[in-house]
Amino acid sequence: MRLLVVGGGVAGAATALAARRVGLDVTVLERRPALDPDEGSWITLAPNGLDVLDRLGVLDPARAVGWSARTNRLLASGGRVLGEVPLGTPLADGSVALTMKRSALSALLVDAAVAAGADLRLGASVESLEDGAGGPAVVLADGSRLTGDVVVGADGVWSRVRRAVDPRTPEPRYVGMVNFGGVTAGTGWNERLAPEAWQFVFGRRCFTGAFPLPNGRVVWFVNEARPQVTPQERAATSDEQWRAHLCDLAAADAGPAAELIAAGRLELAGDNTHDLARVPRWHGRASVLVGDAVHAPSPSSGQGAAMALEDAAVLVDLLRTRGLDGLPAYETARRHRVEGIVRAGARTTSAKMPGPVGRVVRDGILRGLAASGVMAREVLGTTAHRLEAHLLEPTRGAAVRCVRSDGPG
Ligand SMILES: Cc1cc2nc3c(=O)[nH]c(=O)nc-3n(C[C@H](O)[C@H](O)[C@H](O)COP(=O)(O)OP(=O)(O)OC[C@H]3O[C@@H](n4cnc5c(N)ncnc54)[C@H](O)[C@@H]3O)c2cc1C
(Lines give C-alpha, C1' and ligand atoms only; values in the text may rest on other atoms or scores of the structure.)
Protein backbone atom coordinates (compact mmCIF):
# COMPACT_ATOMS: atom_id res chain seq x y z
CA MET A 1 0.00 0.00 0.00
CA ARG A 2 1.29 3.46 -0.88
CA LEU A 3 0.24 6.53 1.10
CA LEU A 4 0.39 10.05 -0.31
CA VAL A 5 0.52 12.32 2.73
CA VAL A 6 -0.32 15.97 2.06
CA GLY A 7 1.47 18.12 4.66
CA GLY A 8 4.64 17.63 6.67
CA GLY A 9 3.50 19.11 10.02
CA VAL A 10 3.08 16.99 13.15
CA ALA A 11 0.14 15.00 11.75
CA GLY A 12 1.68 14.29 8.33
CA ALA A 13 5.16 13.50 9.62
CA ALA A 14 3.80 11.19 12.33
CA THR A 15 1.61 9.42 9.77
CA ALA A 16 4.64 8.91 7.53
CA LEU A 17 6.78 7.57 10.36
CA ALA A 18 4.03 5.24 11.59
CA ALA A 19 3.53 3.99 8.03
CA ARG A 20 7.20 3.20 7.57
CA ARG A 21 7.33 1.40 10.91
CA VAL A 22 4.71 -1.07 9.68
CA GLY A 23 6.15 -1.37 6.19
CA LEU A 24 3.81 0.84 4.15
CA ASP A 25 5.24 2.99 1.34
CA VAL A 26 4.78 6.69 1.87
CA THR A 27 5.43 9.97 0.08
CA VAL A 28 5.09 13.23 2.03
CA LEU A 29 4.16 16.31 -0.01
CA GLU A 30 4.99 19.51 1.87
CA ARG A 31 4.49 22.89 0.26
CA ARG A 32 7.18 24.69 2.27
CA PRO A 33 10.54 24.68 0.47
CA ALA A 34 12.46 23.89 3.69
CA LEU A 35 11.67 22.80 7.25
CA ASP A 36 13.01 25.17 9.90
CA PRO A 37 12.99 23.45 13.34
CA ASP A 38 13.12 26.85 15.04
CA GLU A 39 10.16 28.73 13.58
CA GLY A 40 6.72 29.57 14.96
CA SER A 41 4.98 28.79 18.19
CA TRP A 42 5.88 26.76 21.26
CA ILE A 43 3.64 23.94 22.37
CA THR A 44 3.42 21.68 25.40
CA LEU A 45 2.98 18.06 24.43
CA ALA A 46 0.84 16.21 26.98
CA PRO A 47 1.62 12.64 28.14
CA ASN A 48 -0.86 11.06 25.73
CA GLY A 49 1.19 12.63 22.91
CA LEU A 50 4.47 11.53 24.49
CA ASP A 51 3.10 7.99 24.65
CA VAL A 52 2.64 8.01 20.85
CA LEU A 53 6.16 9.39 20.36
CA ASP A 54 7.44 6.52 22.51
CA ARG A 55 5.59 4.04 20.34
CA LEU A 56 7.05 5.65 17.22
CA GLY A 57 10.54 5.32 18.72
CA VAL A 58 11.21 9.08 18.95
CA LEU A 59 10.62 9.96 22.60
CA ASP A 60 14.34 10.41 23.30
CA PRO A 61 14.89 12.77 20.33
CA ALA A 62 11.84 14.72 21.54
CA ARG A 63 13.33 15.01 25.01
CA ALA A 64 16.46 16.41 23.38
CA VAL A 65 14.50 19.33 21.89
CA GLY A 66 11.98 19.82 24.72
CA TRP A 67 11.85 20.83 28.37
CA SER A 68 10.04 18.91 31.08
CA ALA A 69 6.78 20.55 32.20
CA ARG A 70 4.64 19.28 35.08
CA THR A 71 1.99 21.80 36.10
CA ASN A 72 -0.02 24.87 35.13
CA ARG A 73 -0.14 27.57 37.81
CA LEU A 74 -3.14 29.90 37.52
CA LEU A 75 -2.98 33.48 38.82
CA ALA A 76 -5.55 36.27 38.93
CA SER A 77 -4.66 39.67 37.52
CA GLY A 78 -3.56 40.93 40.96
CA GLY A 79 -1.26 37.95 41.56
CA ARG A 80 -3.51 35.81 43.75
CA VAL A 81 -2.95 32.10 43.08
CA LEU A 82 -6.19 30.57 41.79
CA GLY A 83 -4.87 27.03 41.66
CA GLU A 84 -2.31 24.60 40.36
CA VAL A 85 -3.25 21.90 37.85
CA PRO A 86 -1.08 18.94 36.83
CA LEU A 87 -0.35 18.56 33.12
CA GLY A 88 -1.21 14.88 33.18
CA THR A 89 -0.58 11.39 34.43
CA PRO A 90 3.14 10.64 34.17
CA LEU A 91 4.44 7.99 31.78
CA ALA A 92 6.11 4.92 33.30
CA ASP A 93 9.46 6.76 33.31
CA GLY A 94 7.98 9.67 35.29
CA SER A 95 7.91 12.22 32.46
CA VAL A 96 4.73 14.29 32.29
CA ALA A 97 4.87 16.75 29.40
CA LEU A 98 7.41 18.49 27.17
CA THR A 99 7.44 22.15 26.19
CA MET A 100 9.08 22.58 22.79
CA LYS A 101 8.92 24.36 19.47
CA ARG A 102 6.17 22.82 17.35
CA SER A 103 8.49 23.02 14.35
CA ALA A 104 11.19 21.08 16.24
CA LEU A 105 8.69 18.28 16.86
CA SER A 106 7.58 18.06 13.24
CA ALA A 107 11.20 18.27 12.03
CA LEU A 108 12.31 15.35 14.20
CA LEU A 109 9.33 13.29 13.04
CA VAL A 110 10.14 14.09 9.40
CA ASP A 111 13.80 13.17 9.93
CA ALA A 112 12.84 9.85 11.52
CA ALA A 113 10.35 9.09 8.73
CA VAL A 114 12.93 9.83 6.04
CA ALA A 115 15.53 7.74 7.86
CA ALA A 116 12.96 4.91 7.88
CA GLY A 117 12.49 5.18 4.11
CA ALA A 118 9.75 7.79 3.57
CA ASP A 119 9.97 9.85 0.38
CA LEU A 120 9.85 13.57 1.34
CA ARG A 121 9.13 16.18 -1.33
CA LEU A 122 9.56 19.78 -0.23
CA GLY A 123 8.13 22.67 -2.24
CA ALA A 124 5.33 20.30 -3.32
CA SER A 125 2.05 22.19 -3.04
CA VAL A 126 -1.03 20.06 -3.63
CA GLU A 127 -3.65 21.91 -5.66
CA SER A 128 -6.33 19.27 -6.11
CA LEU A 129 -7.36 15.72 -5.29
CA GLU A 130 -9.06 13.11 -7.46
CA ASP A 131 -10.69 10.26 -5.58
CA GLY A 132 -12.54 8.25 -8.21
CA ALA A 133 -12.93 4.56 -8.88
CA GLY A 134 -9.56 4.46 -10.64
CA GLY A 135 -7.74 5.23 -7.37
CA PRO A 136 -6.74 8.50 -5.76
CA ALA A 137 -4.35 11.06 -7.23
CA VAL A 138 -3.14 14.53 -6.34
CA VAL A 139 -2.16 17.32 -8.70
CA LEU A 140 0.67 19.61 -7.63
CA ALA A 141 1.08 23.32 -8.36
CA ASP A 142 3.67 22.50 -11.04
CA GLY A 143 1.04 20.42 -12.86
CA SER A 144 2.52 17.03 -12.01
CA ARG A 145 0.16 14.24 -10.94
CA LEU A 146 0.93 11.58 -8.34
CA THR A 147 -1.03 8.42 -7.69
CA GLY A 148 -1.17 6.16 -4.64
CA ASP A 149 -3.55 3.87 -2.77
CA VAL A 150 -4.63 6.38 -0.12
CA VAL A 151 -4.31 10.16 0.16
CA VAL A 152 -3.94 11.39 3.74
CA GLY A 153 -4.88 15.06 4.16
CA ALA A 154 -2.59 16.37 6.92
CA ASP A 155 -2.65 19.88 5.50
CA GLY A 156 -3.80 21.81 8.55
CA VAL A 157 -6.86 23.81 9.48
CA TRP A 158 -7.24 25.39 6.00
CA SER A 159 -7.02 21.94 4.36
CA ARG A 160 -7.56 21.65 0.61
CA VAL A 161 -7.96 17.91 0.96
CA ARG A 162 -10.89 18.47 3.36
CA ARG A 163 -12.63 20.65 0.77
CA ALA A 164 -11.99 18.04 -1.91
CA VAL A 165 -13.42 15.27 0.28
CA ASP A 166 -16.52 17.42 0.88
CA PRO A 167 -16.99 20.73 -0.96
CA ARG A 168 -19.60 21.72 1.66
CA THR A 169 -17.27 21.16 4.60
CA PRO A 170 -17.50 23.90 7.26
CA GLU A 171 -14.94 26.69 7.36
CA PRO A 172 -12.77 27.09 10.48
CA ARG A 173 -14.25 29.43 13.11
CA TYR A 174 -12.36 32.47 14.40
CA VAL A 175 -12.44 32.06 18.20
CA GLY A 176 -12.06 35.79 18.92
CA MET A 177 -8.50 35.64 20.16
CA VAL A 178 -5.13 36.58 18.66
CA ASN A 179 -1.91 34.89 19.73
CA PHE A 180 1.52 36.40 20.26
CA GLY A 181 4.60 34.67 21.65
CA GLY A 182 8.29 35.06 22.23
CA VAL A 183 11.38 34.28 24.26
CA THR A 184 13.33 36.48 26.66
CA ALA A 185 16.78 36.03 28.18
CA GLY A 186 18.53 37.83 30.99
CA THR A 187 15.69 39.21 33.12
CA GLY A 188 16.21 36.83 36.05
CA TRP A 189 12.58 35.72 35.76
CA ASN A 190 13.61 32.16 34.94
CA GLU A 191 14.87 31.87 38.53
CA ARG A 192 11.83 33.52 40.09
CA LEU A 193 9.27 31.38 38.29
CA ALA A 194 8.61 27.84 39.59
CA PRO A 195 10.61 25.29 37.56
CA GLU A 196 8.77 22.94 35.17
CA ALA A 197 5.58 24.99 35.54
CA TRP A 198 3.67 27.23 33.16
CA GLN A 199 2.44 30.33 34.99
CA PHE A 200 -0.79 31.69 33.52
CA VAL A 201 -2.20 35.10 34.44
CA PHE A 202 -5.88 35.82 33.79
CA GLY A 203 -5.20 39.50 33.23
CA ARG A 204 -7.42 42.56 32.92
CA ARG A 205 -6.93 43.01 29.18
CA CYS A 206 -5.14 39.83 28.10
CA PHE A 207 -4.22 36.30 29.13
CA THR A 208 -0.50 35.57 29.46
CA GLY A 209 1.70 32.53 30.01
CA ALA A 210 5.36 32.19 31.00
CA PHE A 211 7.59 29.13 31.24
CA PRO A 212 11.18 29.24 32.59
CA LEU A 213 13.81 27.25 30.72
CA PRO A 214 16.86 25.91 32.59
CA ASN A 215 19.09 27.72 30.08
CA GLY A 216 18.14 31.12 31.48
CA ARG A 217 15.46 32.02 28.95
CA VAL A 218 11.72 32.35 29.52
CA VAL A 219 9.15 31.36 26.90
CA TRP A 220 6.01 33.51 26.98
CA PHE A 221 2.79 34.14 25.13
CA VAL A 222 -0.05 36.67 25.13
CA ASN A 223 -3.66 36.08 24.08
CA GLU A 224 -5.65 39.18 23.19
CA ALA A 225 -9.42 39.15 22.67
CA ARG A 226 -10.05 41.27 19.57
CA PRO A 227 -11.14 41.12 15.93
CA GLN A 228 -8.81 39.29 13.56
CA VAL A 229 -5.54 40.92 12.53
CA THR A 230 -6.03 41.89 8.89
CA PRO A 231 -3.31 41.46 6.24
CA GLN A 232 -3.09 45.28 6.02
CA GLU A 233 -2.59 45.65 9.77
CA ARG A 234 0.01 42.89 9.77
CA ALA A 235 1.94 44.52 6.95
CA ALA A 236 1.81 47.92 8.67
CA THR A 237 2.86 46.78 12.17
CA SER A 238 6.48 46.18 13.13
CA ASP A 239 7.54 43.76 15.88
CA GLU A 240 8.45 46.76 18.02
CA GLN A 241 4.98 48.20 17.63
CA TRP A 242 3.40 44.85 18.52
CA ARG A 243 5.61 44.56 21.60
CA ALA A 244 4.70 48.09 22.72
CA HIS A 245 1.03 47.21 22.33
CA LEU A 246 1.44 43.95 24.28
CA CYS A 247 3.37 45.68 27.09
CA ASP A 248 0.51 48.13 27.39
CA LEU A 249 -2.03 45.28 27.53
CA ALA A 250 -0.15 43.41 30.29
CA ALA A 251 1.06 46.47 32.25
CA ALA A 252 -1.70 46.40 34.87
CA ASP A 253 -1.28 42.71 35.72
CA ALA A 254 0.93 40.92 38.22
CA GLY A 255 3.60 38.56 36.95
CA PRO A 256 6.45 38.82 34.52
CA ALA A 257 4.60 39.40 31.23
CA ALA A 258 5.17 43.12 30.70
CA GLU A 259 8.85 42.84 31.59
CA LEU A 260 9.39 39.76 29.43
CA ILE A 261 7.68 41.34 26.44
CA ALA A 262 9.68 44.56 26.79
CA ALA A 263 13.02 42.74 26.91
CA GLY A 264 12.21 39.85 24.60
CA ARG A 265 12.13 38.67 21.02
CA LEU A 266 8.76 38.25 19.33
CA GLU A 267 8.51 34.89 17.56
CA LEU A 268 4.78 34.72 16.83
CA ALA A 269 2.86 37.90 16.03
CA GLY A 270 -0.82 38.41 15.36
CA ASP A 271 -1.75 34.76 14.87
CA ASN A 272 -5.55 34.68 14.45
CA THR A 273 -6.83 31.63 16.33
CA HIS A 274 -9.32 29.32 14.62
CA ASP A 275 -10.92 26.07 15.62
CA LEU A 276 -12.80 23.42 13.69
CA ALA A 277 -15.42 21.66 15.73
CA ARG A 278 -17.33 19.18 13.59
CA VAL A 279 -16.41 18.00 10.13
CA PRO A 280 -19.24 15.89 8.68
CA ARG A 281 -17.07 13.84 6.28
CA TRP A 282 -13.72 12.55 7.49
CA HIS A 283 -12.88 10.49 4.44
CA GLY A 284 -13.71 9.81 0.82
CA ARG A 285 -13.32 6.60 -1.13
CA ALA A 286 -9.54 6.47 -0.67
CA SER A 287 -8.77 9.79 1.00
CA VAL A 288 -8.82 10.65 4.70
CA LEU A 289 -8.07 13.54 7.05
CA VAL A 290 -5.83 13.73 10.13
CA GLY A 291 -4.82 16.42 12.64
CA ASP A 292 -5.98 20.03 12.35
CA ALA A 293 -7.36 19.27 8.88
CA VAL A 294 -10.26 17.45 10.55
CA HIS A 295 -10.51 18.70 14.16
CA ALA A 296 -8.54 21.80 15.08
CA PRO A 297 -8.89 22.61 18.78
CA SER A 298 -8.12 26.11 19.99
CA PRO A 299 -4.54 26.25 21.39
CA SER A 300 -6.12 26.65 24.86
CA SER A 301 -6.88 22.92 24.82
CA GLY A 302 -3.16 22.06 24.87
CA GLN A 303 -4.07 18.95 22.87
CA GLY A 304 -3.89 19.70 19.12
CA ALA A 305 -0.50 18.11 18.49
CA ALA A 306 -1.23 15.18 20.81
CA MET A 307 -4.50 14.55 18.91
CA ALA A 308 -2.62 14.65 15.61
CA LEU A 309 -0.17 12.02 16.91
CA GLU A 310 -2.98 9.78 18.15
CA ASP A 311 -4.75 10.09 14.77
CA ALA A 312 -1.63 9.05 12.91
CA ALA A 313 -1.09 5.89 14.95
CA VAL A 314 -4.75 4.79 14.86
CA LEU A 315 -5.16 5.48 11.13
CA VAL A 316 -1.99 3.70 10.05
CA ASP A 317 -2.76 0.66 12.17
CA LEU A 318 -6.25 0.40 10.63
CA LEU A 319 -4.95 0.92 7.09
CA ARG A 320 -2.42 -1.85 7.37
CA THR A 321 -4.85 -4.30 8.99
CA ARG A 322 -8.06 -3.47 7.08
CA GLY A 323 -6.99 -1.53 4.01
CA LEU A 324 -9.60 1.01 2.85
CA ASP A 325 -12.20 -0.56 5.16
CA GLY A 326 -10.10 0.99 7.90
CA LEU A 327 -11.23 4.51 6.94
CA PRO A 328 -14.72 4.43 8.52
CA ALA A 329 -13.27 2.48 11.45
CA TYR A 330 -10.74 5.29 11.95
CA GLU A 331 -13.52 7.89 12.05
CA THR A 332 -15.47 5.78 14.55
CA ALA A 333 -12.40 5.35 16.73
CA ARG A 334 -11.49 9.03 16.78
CA ARG A 335 -14.50 11.32 16.28
CA HIS A 336 -16.00 11.29 19.77
CA ARG A 337 -12.71 11.90 21.56
CA VAL A 338 -11.45 14.73 19.37
CA GLU A 339 -14.78 16.56 19.18
CA GLY A 340 -14.98 16.54 22.99
CA ILE A 341 -11.51 18.05 23.16
CA VAL A 342 -12.35 20.80 20.65
CA ARG A 343 -15.42 21.68 22.74
CA ALA A 344 -13.35 21.77 25.94
CA GLY A 345 -10.78 24.02 24.20
CA ALA A 346 -13.55 26.44 23.19
CA ARG A 347 -14.78 26.63 26.81
CA THR A 348 -11.26 27.37 28.07
CA THR A 349 -10.84 30.09 25.44
CA SER A 350 -14.05 31.82 26.59
CA ALA A 351 -12.89 31.70 30.23
CA LYS A 352 -9.83 33.72 29.24
CA MET A 353 -11.78 36.72 28.02
CA PRO A 354 -14.64 37.96 30.23
CA GLY A 355 -15.48 41.61 31.03
CA PRO A 356 -14.73 43.26 34.44
CA VAL A 357 -17.69 41.76 36.36
CA GLY A 358 -17.27 38.43 34.63
CA ARG A 359 -13.62 38.41 35.70
CA VAL A 360 -14.44 38.41 39.39
CA VAL A 361 -17.00 35.65 38.92
CA ARG A 362 -14.63 33.71 36.66
CA ASP A 363 -11.75 33.90 39.16
CA GLY A 364 -14.03 32.59 41.91
CA ILE A 365 -15.19 29.72 39.72
CA LEU A 366 -11.61 28.86 38.73
CA ARG A 367 -10.53 28.82 42.38
CA GLY A 368 -13.40 26.50 43.22
CA LEU A 369 -12.73 24.18 40.28
CA ALA A 370 -9.02 24.00 41.09
CA ALA A 371 -9.54 23.48 44.84
CA SER A 372 -12.19 20.78 44.36
CA GLY A 373 -9.98 18.85 41.95
CA VAL A 374 -12.49 19.16 39.08
CA MET A 375 -9.92 20.82 36.81
CA ALA A 376 -7.25 18.26 37.58
CA ARG A 377 -9.67 15.40 36.95
CA GLU A 378 -10.57 16.82 33.52
CA VAL A 379 -6.90 17.16 32.52
CA LEU A 380 -5.96 13.76 33.91
CA GLY A 381 -8.93 12.16 32.16
CA THR A 382 -7.89 13.55 28.77
CA THR A 383 -4.17 12.94 29.08
CA ALA A 384 -4.37 9.46 30.64
CA HIS A 385 -5.64 8.16 27.29
CA ARG A 386 -3.27 5.52 25.92
CA LEU A 387 -3.48 3.78 22.57
CA GLU A 388 -4.22 0.07 22.60
CA ALA A 389 -1.06 -1.89 23.30
CA HIS A 390 -1.08 -3.79 19.99
CA LEU A 391 -1.20 -0.68 17.76
CA LEU A 392 1.69 -0.46 15.28
CA GLU A 393 3.17 -3.77 16.40
CA PRO A 394 5.33 -4.81 13.43
CA THR A 395 3.84 -8.28 12.91
CA ARG A 396 0.14 -7.58 13.50
CA GLY A 397 -2.54 -7.83 10.86
CA ALA A 398 -3.50 -9.56 7.67
CA ALA A 399 -2.46 -8.59 4.16
CA VAL A 400 -3.72 -5.13 3.22
CA ARG A 401 -6.58 -4.78 0.77
CA CYS A 402 -6.68 -1.60 -1.26
CA VAL A 403 -10.31 -1.94 -2.36
CA ARG A 404 -13.20 -1.08 -0.07
CA SER A 405 -15.59 -3.98 0.42
CA ASP A 406 -18.66 -1.72 0.60
CA GLY A 407 -18.24 0.27 -2.60
CA PRO A 408 -17.59 4.00 -2.89
CA GLY A 409 -17.11 5.94 0.37
C1 LIG B 1 -0.26 29.27 19.25
C2 LIG B 1 -0.53 27.79 19.29
C3 LIG B 1 -0.27 27.07 20.46
C4 LIG B 1 -0.52 25.70 20.51
N5 LIG B 1 -0.25 25.01 21.66
C6 LIG B 1 -0.41 23.67 21.68
C7 LIG B 1 -0.04 22.92 22.85
O8 LIG B 1 0.42 23.48 23.85
N9 LIG B 1 -0.18 21.56 22.81
C10 LIG B 1 -0.67 20.91 21.70
O11 LIG B 1 -0.75 19.67 21.71
N12 LIG B 1 -1.05 21.60 20.60
C13 LIG B 1 -0.93 22.96 20.57
N14 LIG B 1 -1.29 23.66 19.45
C15 LIG B 1 -1.94 22.95 18.33
C16 LIG B 1 -0.94 22.21 17.47
O17 LIG B 1 0.15 23.02 17.15
C18 LIG B 1 -1.65 21.75 16.19
O19 LIG B 1 -2.87 21.11 16.53
C20 LIG B 1 -0.80 20.75 15.42
O21 LIG B 1 0.48 21.27 15.20
C22 LIG B 1 -1.49 20.41 14.10
O23 LIG B 1 -0.60 19.76 13.25
P24 LIG B 1 -1.02 19.43 11.76
O25 LIG B 1 0.13 18.70 11.18
O26 LIG B 1 -2.37 18.81 11.75
O27 LIG B 1 -1.21 20.84 11.04
P28 LIG B 1 -0.13 21.94 10.64
O29 LIG B 1 0.88 22.10 11.71
O30 LIG B 1 -0.90 23.14 10.23
O31 LIG B 1 0.63 21.32 9.39
C32 LIG B 1 0.06 21.32 8.11
C33 LIG B 1 1.18 21.20 7.09
O34 LIG B 1 0.62 21.05 5.80
C35 LIG B 1 1.30 21.89 4.88
N36 LIG B 1 0.35 22.18 3.80
C37 LIG B 1 -0.78 22.92 3.88
N38 LIG B 1 -1.42 22.94 2.69
C39 LIG B 1 -0.67 22.19 1.84
C40 LIG B 1 -0.81 21.84 0.47
N41 LIG B 1 -1.85 22.26 -0.26
N42 LIG B 1 0.14 21.06 -0.10
C43 LIG B 1 1.21 20.61 0.64
N44 LIG B 1 1.39 20.93 1.94
C45 LIG B 1 0.46 21.70 2.54
C46 LIG B 1 1.70 23.11 5.71
O47 LIG B 1 2.77 23.81 5.13
C48 LIG B 1 2.07 22.45 7.04
O49 LIG B 1 3.41 22.06 7.08
C50 LIG B 1 -1.06 25.04 19.37
C51 LIG B 1 -1.33 25.76 18.20
C52 LIG B 1 -1.07 27.12 18.17
C53 LIG B 1 -1.39 27.88 16.90
Checklist entry - So how strong a dipole does the chain carry about its Cα centre when Lys and Arg Cβ are +1 and Asp and Glu Cβ are -1, to the nearest 20 debye? => result 880 debye
Checklist outcome for this item: For segment 216-309 the trypsin sites (Lys or Arg not before Pro) that pass both the DSSP coil test and the at-most-13 other-Cβ-within-10 Å test are ARG278
Checklist entry - What is the Cα centroid distance between segment 4-34 and segment 65-133, reported in whole angstrom? => result 16 Å
Checklist entry - Roughly what would the spin-label model give for ARG145 and ARG265, points 7 Å off Cα along C-beta, in nm? => result 4.6 nm
Next on the checklist: Placing one identical point scatterer on every Cα of segment 124-171 and ignoring solvent, what is log10 I(q)/I(0) from the Debye formula at q = 0.16, 0.26 Å⁻¹?
Outcome noted: -0.42, -1.04
Checklist entry - Rg (Å, one decimal) plus Dmax (Å, integer) for the alpha carbons of segment 1-135? => result 17.9, 63
Checklist entry - With no solvent and one point per C-alpha, what does the Debye sum give as log10 I(q)/I(0) for the chain at q = 0.07 Å⁻¹? => result -0.33
Checklist entry - Using every alpha carbon pair in segment 62-219, what percent of pairs falls into each 10 Å bin from 0 up to the bin containing the largest distance? => result 8, 24, 26, 22, 16, 4, 0
Checklist entry - Quick one: if you stick a label point 7 Å off each Cα along the C-beta vector at ILE365 and GLU240, how many nm between them? => result 4.2 nm
Next on the checklist: Considering only C-alpha atoms, what is the centroid distance from segment 185-255 to segment 300-321, in Å?
Outcome noted: 30 Å
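Counting each DSSP H run of 4 or more residues in the chain as -39500 (n - 2.57), what helix-only mean residue ellipticity at 222 nm follows after dividing by all residues, to the nearest 500 deg cm²/dmol? Walk me through the numbers on the way to the answer.
Numbers: 14 runs with 153 residues, N = 409.
Result for the chain, helices only: -11500 deg cm²/dmol.
Of all the accessible heavy-atom surface of segment 173-275, with the other protein chains kept in place and a 1.4 Å probe, what percent is carbon and sulfur?
Values: 2210 of 4330 Å².
Within segment 173-275, the accessible surface is 51 percent carbon and sulfur.
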Checklist entry - In the Gaussian network model of the chain, springs joining C-alpha atoms below 10 Å, which of TRP42, TRP242, TRP220 carries the largest mean-square fluctuation? => result TRP242
Item to check | Backbone N under 13 Å from the ASP25 label point (7 Å along Cα→Cβ), restricted to segment 88-123 | outcome: 118-119
Checklist entry - Can you give me the pair-distance distribution of segment 129-253, C-alpha pairs, 10 Å bins, whole percents? => result 10, 27, 22, 19, 17, 5, 0
Item to check | Within-11-Å neighbourhood charge of VAL165 [Cβ basis; K, R +1; D, E -1] | outcome: +4
Item to check | Mean-position separation - Cα centroids, segment 326-381 and segment 35-56, in angstrom | outcome: 21 Å
Item to check | Of ALA263, ALA62, ALA14, the one that fluctuates the most in a GNM where the chain has Cα springs shorter than 10 Å | outcome: ALA263
Item to check | Added length on full extension, which subtracts the Cα-Cα distance from 0.36 nm per residue, ASN215 to GLU393 | outcome: 60.3 nm
Checklist entry - Starting at 0 and stepping by 5 Å, how many percent of the alpha carbon pairs of segment 227-326 end up in each bin? => result 2, 10, 14, 14, 13, 12, 10, 8, 7, 5, 4, 0
Item to check | Within-11-Å neighbourhood charge of ALA262 [Cβ basis; K, R +1; D, E -1] | outcome: -2
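Can you give the accessible area per residue of segment 104-160, in Å², using a 1.4 Å probe? Can you show the working numbers first?
Working: 2360 Å² over 57 residues.
Each residue of segment 104-160 exposes 41 Å² on average to a 1.4 Å probe.
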Checklist outcome for this item: Highest GNM mean-square fluctuation among GLY83, GLY156, GLY181, for the chain with Cα springs under 10 Å, belongs to GLY83
Item to check | Equivalent-ellipsoid semi-axes of segment 36-76, from the Cα gyration tensor, Å, largest first | outcome: 21, 15, 8
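For a quick check of your reading of the filter: which trypsin sites (Lys or Arg not before Pro) in segment 155-195 sit in a DSSP loop and have no more than 10 other Cβ atoms within 10 Å?
Details: sites: ARG160, ARG162, ARG163, ARG168, ARG173, ARG192; in loops: ARG168.
Sites meeting the loop and neighbour criteria: ARG168.
For segment 173-275, with only Lys/Arg (+1) and Asp/Glu (-1) charged at the beta-carbon, what is the dipole magnitude about the Cα centre, in debye rounded to 20? Please report the intermediate quantities before stating the final value.
Values: 9 positive and 12 negative charges, 22 e Å.
About 100 debye.
Accessible area per residue of segment 173-275 at 1.4 Å probe, in Å²? Each step should come with its number before you reach the end.
On the way: 4330 Å² over 103 residues.
Solvent-accessible surface per residue comes out at 42 Å².
The values are calculated or read from the model by the stated rules, or taken from the named source; none is laboratory data. Computed from a prediction, not measured in an experiment: that's the story for all the values here. So basically every Cβ, Gly included, is an ideal-geometry build from the backbone, and we count neighbours across all protein chains shown. Ligands, DNA and RNA are excluded from the accessible area calculation, which covers all protein heavy atoms including side chains. Shrake-Rupley method; radii C 1.70, N 1.55, O 1.52, S 1.80 Å.
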